[in-house]
Every structure is written in structure tokens, then in C-alpha cells.
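Visitor: If you scroll down you'll find the structure; I have some questions about it.
Nothing in this text is a laboratory measurement; each read-out follows from the coordinates by a stated rule. In this text, all values refer to a predicted model and were calculated from it rather than measured experimentally. No Cβ is skipped: glycine too gets one built from the backbone with ideal geometry, and neighbour counts run over all protein chains shown.
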Amino acid sequence: MVPSKDLPPHEANWQPRSDIFKQDMSEEFKKYPMVTVNELRNYKERPRRVKMLMRDFIEDSLYNPNYGYFSKQVVIFSPGEPFDFASFYDELEFHADLSKRYREFEDALDAESPSDTRQLWYTPTELFRPYYGEAIARYLIANYKLTTYPYHDLIIYEMGAGRGTLMRNILDYIRHVDPDVYVRTQYKIIEISTQLASLQKSQLMQTANAREHADRVEIINQSIFDWKNPVPSPCFFLAFEVFDNFAHDVVRYDLETKEPLQGIVLIDDIGEFHEFYTRKLDPVLERYLQVREMATGGKYKVPYPSTWLGRWLALRKPFASNLSAQEYVPTRLMQFFDVLGRFFPAHRLLTSDFHYLPDAIQGLNAPIVQTRYKRQPIPVSTPLVHQGYFDIMFPTNFQIAEATYQAITGKLSRVLSHEDFMRRWAYVEDTETKSGENPLLNWYKNASVLYTV
Ligand SMILES: C[S@@+](CC[C@H](N)C(=O)[O-])C[C@H]1O[C@@H](n2cnc3c(N)ncnc32)[C@H](O)[C@@H]1O
């Protein structure tokens, strides 16, 4: 069924998500109000009898202050004492020790307050601390000295600082190797989660050594998307594993005309989800598609055959839909670049994230959607699941992200594999095992780094 342009506008604008007809919700679609993620922030309970953009649904599921995934039982693993990599024979032995510490960490949490639904994950910052932070600190000191030292302070912003480990490791290292730079250093964290912001503060109170950093650190508990303060000074802007949880819009394309349709989620009176696609795009998605087109010169992957014949054949397959598969597009990432361009005109970005994620759901640039129950990961096949119980994690297409970043901020940048970046800036012998295997270089093969040059 092709949504015809000849129909009256309210009927032409949408169609049900499923190719196999489920339940006609068209009356509800017309009747239910459209809500935004900002309105949903005030909801104490999950909404019903409303509709919203997929981007708002995902952001509400992840970040709603009352029932969002990040406001509930999310815990970032900390290995305790740093791993002594030289004492392991190989990566397998390191992995065995990591699994043991992971189990013990969770046993200790369960002893205090048992939970089957605790969401526990780890990041390279934590696994390779302090070496990971030290590599970043080396990059910061070198680039600061090459550019604005001694005319400006070293101002570092970190968005989404998790447990605050990177901040600790960077400041410890700068104090240790370059006291002159240390006295000029300011570190500011922008953190959406109140729980994590408190943990970051408590990191600074733990030891006398850490307390010394407190005067140089400011922890700002707000979402980057609410940022309104101009920062004209030169600064570094860090973001590690934050893009993957930025909300995306979902788009399907009309196979005859290649026109994009935007995904809308309807929640009915019993909390069931229904997906619709509308030809009327909201201004944020419309802008994203324009910026991408302009920034890439029209060179990007699409979720439908590129030739007319291919699309004609796709339309004629038995039970074929007239719409392409889903494509998830990073509208929130574009808005982050808008914030950088507008409020941080003299920034230098340094960011790392996943360019590929295994076990993703169907679609182009699709996320992994999963929860953890009784310590086992449980993946599902759609983001339309009970809000707050599931992590929704997207891969980042670094080529398109970089082109968009450059178009919006006017800056030049580079993309490197995580391994190449670490080969340049880490002391790789710190994380090498006896056999020569090096998990810092080998484990995050699906991650990339983007930085301003
Ligand atoms: C996966 S954790 C990574 C933590 C840390 N960077 C690391 O590598 O260990 C993502 C972090 O980003 C924060 N975050 C997510 N969205 C954000 C936003 N819009 N503004 C500020 N912080 C955000 C989360 O609360 C969390 O601290």
C-alpha cells in the first residue's frame, strides 16, 4: 500500500508499521495528542493514549527522570585496583581475571541490595585505568602546548563522565608530569544523570590526593541539549561512549519515489506500541537530511536498492511493503554539533565511540536493544519495548558524523581507529601481557576516535 498524495492530508500522511496488517489504529492516530520529550520529563508514569516521534520515544525511554533506563539501576563497573597487565600470560588470562572481578563486584552489590534487573556495564576508561586516561592526558598536554599555552588556561570539558574515572586519571597525570600545566588546568563535567554526577563528586572526596583536584573541577548536572552558556575561550571537549546513547529518528523511504517518511510511535490505552510513518517530516529531521546531503555530496548508504530496477523488483516481491527497511538517523548527534558550534566556538573535540555493534536489530545504522536479567544479557528485536528497562545503543557512522561535524562547526578533523589512536598516545607496554597480546589495542576494534585538528 503506497500512501497516496491524492488522499486527504490526514489519511495520506501515515501508514501502519507492519507489512502484515495488525490492528487499525488510524482513528487513535488522528485523535491522540502529539507529545515531546520535554513534556514527558514531567511524567511520573509511562504515558498512554499519546503519540510522539521515535527520537522522543527513545530519549524518554533512556533518560526520563522517573522511569528512564539511566535513572534506574544503571551501574558502571569499576575493577577496583588497576589490572597488572604484565602479570597475565595473555588476553585470555586477563579476561578470566576481569570476569572474576566483575562477579565479585556484583556479589558485593547484591549483598547490600539484591537485584535481578541491575544493569551493569564497563567501558575502556574503567578497564584500562589509569592508562587510558593517561593517553588522553598526553594528547591534551601536547596539543595545549602546541596551540594556546601560555596565553590561555587548559580548559577541559567532559560530557557524560560516568564514574568520573577519566577526570581523575587525567588530572593525576597532569599534576604528576607537568605541574606548570596543572596549575592552569580547569576541568568541567557536563552530566545528565544526577546519580552519576554525585558519584563523580564523591570521587573527588575519596583521598587527600584526589581532594587536591577539587578546586579545579566543576560538575554541572544537566543535559548537553539544555546548554545555553557561551564559552568563548579555547577548550578541549571530551566525549567517551556518549554518542551511542543519543536518540535517533527512524526513517523509511517510499520505494517508488525515494521520499523519506518519519517514524512516529503511538502508545494506546493499554500501553501497547504502534509504529506509523508520516510524509510530513519534523524540522529537525528535515534539517539533518539536508545537512547530510550537503556535507557528503550525496554519498551515503540507503536502506533500499540504488537502481530503479532494483526498487521495482523489491516492490513486486510477495508480501512486499511499499516502504524500504528502517534507517536510524542521528538527529541528536547533529544537535550536539549545533551546541558545540554555537556555544563552544573555540573548542577542540576528542571523542570515541563504536562504529559497529554486533547483534543489532534490523535496519540500517540500527541499535542493539537489550536488558540484563539475572546477570544475563537479553537482546530484543525492536526499540518499542517497556520504557526504562532496555538499553538502546547505536553505532556511529564516523564518516558521516565527521562530515556533519565539519559542515556545522566549520572545523577540520580526523578519524582514527581506536587502536591507531592508542598506538600514538598510550604507552602500550603498560597494557601488554607476557605473550605480547595487548587488550588495549585488540579489544576495541569496533571503536573509532574523532578529533579536531
Ligand atoms: C556509557 S556512559 C560513559 C561514561 C564514561 N565516559 C566512560 O567512558 O566510562 C555515558 C555517559 O554519558 C552521560 N550522558 C548521556 N547523555 C547525556 C547528555 N545528553 N548530556 C550529558 N551527559 C549525558 C551518561 O549519564 C553517562 O555518564
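Visitor: Let me test this: with uniform point scatterers at the alpha carbons of region 163-289, what is the Debye-based log₁₀ I(q)/I(0) at q = 0.10, 0.19, 0.22 1/Å?
Guide: -0.55, -1.11, -1.34
Visitor: Taking the Cα atoms only, what angle lies between the long axis of helix 131-146 and the longest principal axis of the chain, rounded to 10 degrees?
Guide: For helix 131-146, the angle is close to 80 degrees.
Visitor: Shifting gears a bit: Can you give the net charge of the other residues whose Cβ lies under 9 Å from the Cβ of V449, counting K and R as +1 and D and E as -1?
Guide: Net charge in that neighbourhood comes out at -1.
Visitor: Counting other C-beta atoms within 10 Å, and keeping those with at most 16, which DSSP coil chymotrypsin sites (Phe, Trp or Tyr not before Pro) do you find in region 142-249?
Guide: Sparse-neighbourhood loop chymotrypsin sites (Phe, Trp or Tyr not before Pro): Y151.
Visitor: Okay, moving on. Cross-link candidates for K201: which lysines have Cα within less than 21 Å, leaving aside residues fewer than 8 places away along the same chain?
Guide: K72, K188
Visitor: Kirkwood hydrodynamic radius (Cα pairs, Å) of region 77-228?
Guide: After inverting the pairwise mean of 1/r, the radius is 17.1 Å.
Visitor: Which log10 I(q)/I(0) values, to two decimals, does region 295-453 give at q = 0.19 Å⁻¹ under the Debye formula with one point per Cα?
Guide: Values, matching the q order: -1.24.
Visitor: Still on this model: By how many degrees, 0 to 90 and rounded to 10, does the Cα axis of helix 165-177 deviate from the longest principal axis of the chain?
Guide: With rounding to tens, the tilt is 30 degrees.
Visitor: To continue, here is another question. What's the angle, to the nearest 10 degrees (0 to 90), between helix 194-203's Cα axis and the longest principal axis of the chain?
Guide: For helix 194-203, the angle is close to 10 degrees.
Visitor: State the Cα centre-to-centre distance between region 87-138 and region 31-86 in whole Å.
Guide: If we compute the Cα centre of each part, the gap is 24 Å.
Visitor: Same structure again: Let me test this: with uniform point scatterers at the alpha carbons of region 222-347, what is the Debye-based log₁₀ I(q)/I(0) at q = 0.12, 0.17, 0.23 1/Å?
Guide: -0.62, -1.01, -1.38
Visitor: Return Y304, Y43, Y373, Y288 ranked ascending by Cβ neighbour count within 10 Å, so the fewest neighbours appear first.
Guide: Y373, Y43, Y304, Y288
Visitor: If you don't mind, there's one more thing I want to ask. Report the convex hull volume per residue for the chain, counting only C-alpha atoms, in Å³.
Guide: Hull volume normalised by residue count: 164 Å³.
Visitor: Please give every one of the aspartates and glutamates within straight-line cross-link reach of K374, meaning a C-alpha to C-alpha distance under 13 Å, and leave out same-chain neighbours fewer than 8 residues apart.
Guide: Qualifying aspartates and glutamates at Cα under 13 Å: E106, D107, D110, D116.
Visitor: Could you pull out every residue, at least 5 positions away or on a different chain, whose amide H is within less than 5 Å of the one on T185? Hs are placed 1.01 Å off N in the peptide plane, and Pro or chain starts have none.
Guide: Amide H to amide H, under 5 Å and 5 or more residues apart or across chains, T185 pairs with L154.
Visitor: What value, in deg cm²/dmol to 500, does the helix sum -39500 (n - 2.57) over DSSP H runs of n ≥ 4 give at 222 nm once divided by the residues of the chain?
Guide: Estimated from H runs of four or more residues: -10000 deg cm²/dmol.
Visitor: Another question about this same structure. Work out the length of the dipole vector of the chain about its Cα centre, built from +1 on the beta-carbon of each Lys and Arg and -1 on the beta-carbon of each Asp and Glu, and round it to the nearest 20 debye.
Guide: 1060 debye
Visitor: Looking at the chain, identify the longest residue range that excludes and avoids all GluC sites (Glu not before Pro) in DSSP loops having at most 16 other Cβ atoms within 10 Å.
Guide: The longest uninterrupted stretch comes out as 273-453.
Visitor: Quick one: net charge around G388, please, counting Lys, Arg +1 and Asp, Glu -1 for every other residue with C-beta under 10 Å from its C-beta.
Guide: In short, +1.
Visitor: How many angstrom lie between the Cα centre of region 156-180 and the Cα centre of region 290-347?
Guide: 37 Å
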